[in-house]
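Please read the structure below before turning to the comments.
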């Protein structure tokens, strides 16, 4: 029986990169030990000709090229989950279509699973050359923060690009939560994992759809989904401000007893009120984020809606 590797490829406005990606990965087939390839392209509500490219590719290669097209943009996490649900291979890989994930690592990943007994072989960038400095700074800061506040290990520079056994994929599919952070999920499930290192690469064509604001929101999701530390911070801030108010009350009483009343101090009083109000709003924002995630979960909406599938 022929063994198969399913390659999940999320796409959002990637009409230029799809043919280049397909050609680059197909060139590796002789190195994949008689494994056949199954491509699962996920069109995440693209507004360009991405869907047309996928339709043409499927028409030319109906046996090994498949696609799922969303009714709108649901995000990369939904695309990854849809790909995992659709993949039928004995092994499953996740790759970016822009070729920033080096395809030549795929045979090495296969060797790690078949020869070394790993169940996940992932990749890790050892640098971020070519990226805007501000994005690199906040990315490094995010991983350092997550490594300290989360029970799930977060390794600096780890990518979604990885090859997994069917057992791993089935375990991920059991986690059907609405608010997803795949980097955390990949680590949370456990299994024997190895990482291959590589130098950062530029996109082969087109422009990235990941703005700084999108990355920031994505990092917030990661922190909320895999750490309760923000709630502890809110609790500590509440306790600290309460203790501070008691001390301030004792100071006012002592000043009244020893020095009498005074109309002075209205500026400091206003400052304290504004400061306490800011702390309260900050804590409410943290709690509200967790409650918002609970709200999205209990509505039990689907992660994505399919417009076309082949």
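The values are calculated or read from the model by the stated rules, or taken from the named source; none is laboratory data. All figures in this text were calculated on a predicted structure; none of them were measured in a lab. So basically every Cβ, Gly included, is an ideal-geometry build from the backbone, and we count neighbours across all protein chains shown.
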Query raised in the report: Of all residues in region 155-164, how many are surrounded by 18 or more Cβ atoms within 10 Å (Cβ to Cβ) and either farther than 24 Å from residue 98 by Cα or without any contact (Cβ under 8 Å) to a residue 40 or more places away in the chain (or both)?
Result: 1
Query raised in the report: Considering 29, 5, which residue is touching a strand residue (DSSP E or B) at 6+ places or on another chain (Cβ under 8 Å) and surrounded by 17 or more Cβ atoms within 10 Å (Cβ to Cβ)?
Result: 5
Query raised in the report: Does residue 15 fit the bill of being more than 20 Å from residue 181 (Cα to Cα) and assigned to a loop (DSSP other than H, G, I, E, B)?
Result: yes
Report task. Report, by residue number, each residue of region 66-87 that is over 20 Å from residue 122 (Cα atoms) and in a loop (DSSP other than H, G, I, E, B). Result -> 71, 72, 73, 74, 75
Report summary line: Note on region 101-121: residues more than 26 Å from residue 54 (Cα to Cα) and either part of a loop (DSSP other than H, G, I, E, B) or not assigned by TED's automatic domain parsing to the domain that holds residue 10 (or both) are 115, 116, 117, 118, 119
Query raised in the report: In this structure, is residue 98 crowded, with 19+ Cβ neighbours inside 10 Å and assigned by TED's automatic domain parsing to the domain that holds residue 8?
Result: yes
Query raised in the report: Does residue 92 meet the test of being surrounded by 17 or more Cβ atoms within 10 Å (Cβ to Cβ), at pLDDT 90 or above and closer than 28 Å to residue 13 by Cβ?
Result: yes
